[in-house]
Amino acid sequence: MLNTVKEGWTTFKSIFTGMGVTMRHLFGPSVTLQYPDEKMELPKGARAKLYVNIDDCIGCNLCARACPVNCIDIETVAATSDVDLGKTSTGNPKRFWLTRFNIDMAKCMYCDLCVYPCPTDCIYMVPEYEYSEFDRSGLVYHFSNLKPEMVAEVKEKAEKEAAEKKRQKEEMMRKKAEEKKRKELEKQKLEANKSIKEDDSSSKPENNDS
Amino acid sequence: MVEILDNIDQREMVINMGPQHPSTHGVLRLELVLDGEIIKKVTPNIGYLHRCFEKYAEQMDDYSKVIPYTDRMDYVSAINQEHGYVLAMERLLEIDVPERVEYIRVIMAELQRIASHLLGIGAFGLDLGAFTPFLYCFTEREKILDIFERTTGARLLYNYMAVGGLMKDVHPEFKTDTADFLKTFRPKIKELNDLLSYNDIFIKRTANIGVLPKQVAINYGASGPVLRGSGVQWDLRKNDPYSIYEKFDFEIPVGMGEMGTLGDCWDRYIVRVREMEQSLRIIEQALDGLPEEGDVTEAVPKRIRPKNGSIYTRSESPRGELGYYIESNNSASPYRVKARAPSFVHLGMLPAISKGSLIADLVAIVGSIDIVLGEVDR
Ligand code: SF4
Ligand code: SF4
């Protein structure tokens, strides 16, 4: 009997202690944010969405190689000699047209590994998190600002130039080879002449003997 | 037909608990053989969250690319997972880590330990019907996550540690933020004790339930709070110190069977609560010792290409002994990475400790071993 009363008392007490705690919280400040109306301020450097400042990108592909899930897809075309793409704001010369720069945010795991290797600091995370889509393809972000016609044009030009260069190179190679051949021939001739002369000089004493 | 009927024990019933069950802490399926409400046999079925961590790690072309994947093993204590991995890599590469890095790592790891225990405790209470403590635990955990977010940029999966250092330095107000948190958190532990730990209903639901005797715990290879709950003083931070843990003064709380039998659910629970206090002590000391200046990326190697060889390193994660076995064949990608996950081991003990208990108590037992299914399945 006494035990039951005692037990009842401890239960009662512990419940009331708990109630006291909840009471204190009830009159304390609320910690809940009413989300769509109120929003939490994300700190600087929060990793929520990738952004590429394409004007500063030199197309070095380092970010794509650092990504563990291969969600960065870059295609570059070498700029032809008649155009100057200028420099980035950090002073690095740009040598490539960025014909494709896609980031698949559906695949991205927000690890930040692509951000560190960038030589011009042009790929970074921005604190923006409301970008859900109805279709998965909407999460592939296209950062290249070249128009399709432009892409075709630069590709064609680059191909032409590459072909031209290749031709020139071949020409040069051929010329070099010819030159080499000529030199070789001359050398041989020279050597032949020499040996003839030597023959002559060595045969002279014989003649004298006779 | 007759034969089959003869073999059936008609008082037995097989039911599935999970995979979508609110109190299995993830996607776990428990196959229960019941006699009325008494459990005769439990078979845990795992693998619903298997993501091939080990195989993934082997096909990465860089050792540092594995770190974000270790985060995803035990997503509740990501920093501790990273810590284990970078420790192993540093031993394999024989890198000396700057002191400032070690201090920051310890502070981060202990903050994460508190966050993880808060979640474990809150969810444990929730399993037993105590809804309020869960919310209060989460409010506190939120503050820790805020500190993490300001430093690393992420709230859950940080990818903050790098082999030989850290990805970046802490944010400028890190020290004051953490000190503020310590100040406000101390009284909250007392509040939690009032609300949950010494609540009579809670004690009635956890004391003498799921008793794990000392010897059984050791035989099963238990570690962390589960082992300490059974009264074994074993903490890798003390017994096999890594990083700079030998510099700090802290105690190892163990279960003492205060409310019932040694090694019951309450003991395992209270060990976690007391461990949070010890973590606070460690953080306090680490904040005092944290060197002001220093480059946290100075010892990070440009290219990681360890020599032929292998290493096993263990560290104390909030759930127990987390080990990484890494084998290298002198290339840029690991030849083999194996993780020894404490949750996996602890789940294996479930059949042994839940035999003969009620279904309602099984919920308490699963909650008290505090498993994370991401780590069990990997
Ligand atoms: S954040 Fe990580 S996963 Fe996302 S694009 Fe960068 S490297 Fe790839
Ligand atoms: S690393 Fe930077 S500069 Fe290089 S391709 Fe990526 S975004 Fe462009």
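From largest to smallest, the equivalent ellipsoid semi-axes obtained for the protein assembly as shown from the alpha-carbon gyration tensor read 64, 29, 26 Å.
At 1.4 Å probe radius, can you tell me the per residue accessible area of region B:227-378 in Å²?
With all protein chains present, region B:227-378 gives 36 Å² per residue.
Among the chymotrypsin sites (Phe, Trp or Tyr not before Pro) in region B:284-378, those placed in a DSSP loop whose Cβ has at most 16 other Cβ atoms within 10 Å are B:335.
The trypsin sites (Lys or Arg not before Pro) of region A:102-155 include none that meets both criteria, a DSSP state outside H, G, I, E and B (loop) and at most 13 other C-beta atoms within 10 angstrom of the site's C-beta. For region A:1-96, the list of trypsin sites (Lys or Arg not before Pro) that fall in a loop by DSSP and count at most 10 other C-beta atoms within 10 angstrom reads A:44.
The angle separating the long axis of helix B:342-354 from the principal Cα axis of greatest extent in chain B is about 20 degrees. Step through the table entries A:49/B:188; B:238/B:302; A:87/A:107; B:143/B:238; A:6/B:204, compare each Cα-Cα distance with 23 Å, and write down the pairs that go over it. Among A:49/B:188; B:238/B:302; A:87/A:107; B:143/B:238; A:6/B:204, the Cα-Cα distance tops 23 Å for A:49/B:188; B:238/B:302; A:87/A:107; B:143/B:238. Computed from backbone phi with θ = phi - 60° and the Karplus coefficients 6.51, -1.76 and 1.60, the 3J(HN,Hα) list for region A:89-102 is 5, 9, x, 7, x, 9, 10, 10, 7, 9, 7, 8, 8, 10 Hz; x is used for glycine and proline. Residue by residue, region B:101-109 carries 3J(HN,Hα) couplings of 4, 4, 4, 4, 4, 5, 4, 4, 5 Hz when phi is fed to the Karplus relation 6.51 cos²θ - 1.76 cosθ + 1.60 (θ = phi - 60°); x denotes Gly or Pro. Here the simple spin-label model places points 7 Å from the Cα toward Cβ, and for residue A:90 and residue A:27 these points are separated by 5.7 nm.
Please report, as a whole percent, how much of the solvent-accessible surface of chain B comes from carbon and sulfur atoms (probe radius 1.4 Å).
54 percent
Relative to a virtual label point 7 Å from the Cα of residue B:338 in the Cα→beta-carbon direction, which members of region B:285-329 show backbone nitrogen distances below 18 Å? Answer for this model: B:309-315, B:321-329.
Accessible surface of region A:49-151, 1.4 Å probe: 50 percent of it comes from carbon and sulfur atoms. Panel note: contact residues of region B:60-103 (accessible area lowered by at least 30 Å² against the chain on its own; 1.4 Å probe) correspond to B:65, B:68, B:69, B:72. Which longest uninterrupted range of chain B lacks any GluC sites (Glu not before Pro) assigned by DSSP to a loop state (not H, G, I, E or B) and surrounded by at most 14 other Cβ atoms within 10 Å? Value returned for the longest uninterrupted segment is B:299-378. Kindly identify chain B as rounded, prolate or oblate by the Cα gyration tensor criterion: order the square roots of the eigenvalues as a ≥ b ≥ c, call it rounded if a/c is under 1.5, otherwise compare a/b with b/c, prolate if a/b is larger, else oblate. Here chain B falls in the oblate category. Does region B:1-149 classify as rounded, prolate or oblate by the C-alpha gyration tensor (a ≥ b ≥ c root eigenvalues; a/c under 1.5 gives rounded; else a/b over b/c gives prolate, otherwise oblate)? Judged from the Cα gyration tensor, region B:1-149 comes out oblate (a/c at least 1.5, b/c at or above a/b).
The H on the amide N of residue A:71, modeled in the peptide plane, is under 5 Å from the matching H of no residue at least 5 residues off or on a different chain. Using the Cα coordinates of region A:100-161, the gyration tensor eigenvalues translate into equivalent-ellipsoid semi-axes of 28, 18, 9 Å, sorted from longest to shortest. For the protein assembly as shown, a crude dipole built from +1 on the beta carbon of Lys and Arg and -1 on the beta carbon of Asp and Glu, taken about the Cα centre, is about 680 debye to the nearest 20.
The label point for residue B:194 and the one for residue B:75, both projected 7 Å from the Cα toward the Cβ, are 3.5 nm apart. Residues of region B:196-220 that lose at least 50 Å² of accessible area (1.4 Å probe, protein heavy atoms only) when the other protein chains are present, relative to their chain alone, are B:200.
When B:113, B:150 are compared by accessible surface with a 1.4 Å probe, the order from highest to lowest is B:150, B:113. Rolling a 1.4 Å probe over the protein heavy atoms gives region B:100-226 an accessible area of 33 Å² per residue.
Kirkwood analysis of the Cα pair distances in chain A returns a hydrodynamic radius of 25.4 Å. Between helix A:148-209 and chain A, what is the angle of the helix's C-alpha long axis to the longest principal axis, kept within 0 to 90° and rounded to the nearest 10? The helix A:148-209 is inclined about 30 degrees to chain A. Residues considered: B:137, B:265, B:52. Largest GNM mean-square fluctuation over chain B, using C-alpha springs under 10 Å, is found at B:52.
Distance between the C-alpha centres of region B:49-107 and region B:300-378: 13 Å, rounded to the whole angstrom.
Averaged per residue, region A:49-151 has 55 square angstrom of accessible surface, using a 1.4 angstrom probe with ligands and nucleic acids left out. Rounded to the nearest 100 Å², what's the accessible area chains A and B bury against each other, both chains counted, probe 1.4 Å? Heavy-atom accessible area buried at this interface is about 2200 Å².
The values are calculated or read from the model by the stated rules, or taken from the named source; none is laboratory data. Since the structure is predicted, the reported quantities are computational estimates derived from the model, not experimental observations. All Cβ positions, even for glycine, are placed from backbone atoms using ideal geometry, and neighbour counts span all protein chains on display. Quick note on the areas: whole protein, heavy atoms, side chains included, nothing else; ligands and nucleic acids left out. Shrake-Rupley method; radii C 1.70, N 1.55, O 1.52, S 1.80 Å.
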